[in-house]
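The values are calculated or read from the model by the stated rules, or taken from the named source; none is laboratory data. What you are looking at is a predicted structure, and each value in this text was computed from that prediction instead of being measured. No Cβ is skipped: glycine too gets one built from the backbone with ideal geometry, and neighbour counts run over all protein chains shown.
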């Protein structure tokens, strides 16, 4: 992923979710993915997918069952 793509993904996520705390950051030693943070909390990975010259991005976020317990209280 290029620096420009990472900046654009950060802007897109902030706009889409209405949260300025979202940030896409470079992953050390990886060029096909980046880390997504909400403030200082790691929340997922953004993967680059290239197919026949088309580029798309896939966001993967794992939600632990213990995290669900925090919301239901």
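Per-structure values
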item	result
Neighbours by Cβ (under 9 Å, 6+ apart or cross-chain): first from the stretch 27-43, at positive phi and modelled with pLDDT of 95 or more; second surrounded by 15 or more Cβ atoms within 10 Å (Cβ to Cβ) and in a strand (DSSP E or B)	39/22; 39/23
Odd one out for residue 53, checked against (1) touching a residue at least 12 places away in the same chain (Cβ under 8 Å); (2) surrounded by fewer than 12 Cβ atoms within 10 Å (Cβ to Cβ)	(1)
Condition met for residue 13 (surrounded by 15 or more Cβ atoms within 10 Å (Cβ to Cβ) and farther than 22 Å from residue 67 by Cβ)	no
